[in-house]
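Here the structure comes first, spelled out in structure tokens, and everything after it is commentary.
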Amino acid sequence: MKSLLAWTLILLAFASSRVIAQAPDVAETPKAIQELAASTHGKKWAEVRSMMLEKFGEPSRVIGSGFRIEKWDLPEGTLTFHPMSGPSFLDTKSRKLYRLYQTETPAGESLLSSYEMTTLPDPKSYGNSFWLGNIKFGTGSEYQFTPQKQHLRYLPQDNFFHQFPEGTVQVRYVESVKASTLLETVAEAATIAHLEFTSEDGRAKASYAIQCSERSRTLTWVSEKRDDGEVKPMPFKMVTRWSFRRK
């Protein structure tokens, strides 16, 4: 009986660990990166960027479309400055990504923010995606989908939100995750909740699993369940950025 209880506890702990984890600790990074991280506290991103230029010189390369993302190729890894998400460091050997500032992001504050719907990358169009519209949530349990009229030809007629642009939503968190759970503590690619939608007339339903990524600091919809119970692959991409608060 004792061995059965112990085995059950181990299984529960393992299942929980697949959801709850800890973001990489900056203390594991090279000294120069640690010093940079320590100096970002209370600074605006423009100030942090100036400090990076002073400490590491001009970036090795600049990438991005719409954003100017600067990268410094260092012996131990790659230092990045993103104008929206700030500085980060990717260790070459461990492939761990370190955020060089501390944040707090309660799951409940990001889960019902505005999501952008796009088509899946099209290999026939150089991997490009097209913006289809946005879903926003009200102060209560209502949702509203606003299509991007310019790209309506890419929006399938059987898309749930194209058919039912307004209705209500319910949040169902997975076990071990609550509205107060910090996304910084969630394991990479873990499902944190399900959003269950009901059309305005109450006749149609769909639910989506929400996957969390600390590396990209995004929440992404990863599955679809229609009212007939069938689970289908996602025919589009829906994503939002974390609404984090810097410490």
Next item on the list: Kindly provide the helix-only [θ] at 222 nm of the chain, computed as the sum of -39,500 (n - 2.57) over DSSP H runs of four or more divided by all residues, to the nearest 500 deg cm²/dmol?
Entry: -5500 deg cm²/dmol
Item checked: Eligible lysines near LYS237 by straight Cα distance, threshold 16 Å, same-chain separation 8 or greater -> LYS136, LYS225
Check: Under 21 Å Cα-Cα from LYS232, which lysines qualify once same-chain neighbours fewer than 8 residues away are excluded?
Finding: LYS205
Margin query: When 1/r is averaged over all different Cα pairs and the result inverted, which Kirkwood radius in Å belongs to region 159-200?
Written below: 12.1 Å
Checklist line | Most mobile listed residue (ALA193, ALA46, ALA206) in the chain, GNM with C-alpha springs under 10 Å | finding: ALA46
Item checked: Partner aspartates and glutamates for LYS149 [C-alpha distance under 15 Å; skip if fewer than 8 residues away on the same chain] -> GLU116
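Output the direction-averaged projected area (hull surface divided by four) of the convex hull of the alpha-carbon atoms of region 18-164, in nm².
On the way: hull surface 50.8 nm².
Averaged projected area of region 18-164's Cα convex hull equals 12.7 nm².
Compute and list, largest first, the equivalent-ellipsoid semi-axes of region 181-247 from the alpha carbon gyration tensor, each √(5λ) rounded to a whole angstrom. Please report the intermediate quantities before stating the final value.
On the way: eigenvalues 139, 33, 19 Å².
Each semi-axis is the square root of five times an eigenvalue, giving 26, 13, 10 Å.
Between Rg and the Kirkwood Rh of region 107-241, both from Cα atoms, what is the Rg to Rh ratio? The partial results should precede the final answer.
Details: Rg = 14.7 Å, Rh = 15.4 Å.
Radius of gyration relative to Kirkwood radius: 0.95.
What is the ratio of the Cα radius of gyration of region 26-99 to 2.2 N^0.38 Å, with N the residue count, to two decimals? Provide the component values of the computation, followed by the final result.
Numbers: Rg = 11.5 Å, N = 74, 2.2 N^0.38 = 11.3 Å.
Working it through for region 26-99, the quotient is 1.02.
Suppose every Lys and Arg Cβ carries +1 and every Asp and Glu Cβ carries -1, with no other charges. What dipole size does the chain come out with about its Cα centre, to the nearest 20 debye? Each step should come with its number before you reach the end.
On the way: 32 positive and 28 negative charges, 81 e Å.
For the chain, the charge dipole is close to 380 debye.
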Checklist line | Among GLY167, GLY66, GLY42, residue whose mean-square fluctuation peaks in a GNM of the chain (springs only between Cα atoms under 10 Å) | finding: GLY66
Next item on the list: Select from LYS31, LYS93, LYS71 the residue whose mean-square fluctuation is largest in a Gaussian network model of the chain (Cα-Cα springs shorter than 10 Å).
Entry: LYS93
Note to self: Can you divide the C-alpha Rg of the chain by 2.2 N^0.38 Å and report the result to two decimal places?
What the structure shows: 1.17
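None of the figures in this text is laboratory data; all of them are computed from the coordinates on show. These numbers come from a predicted model, not from an experiment. Methodologically, a virtual Cβ is constructed for each residue, glycine included, from the backbone with ideal geometry; neighbour enumeration extends over all protein chains shown.
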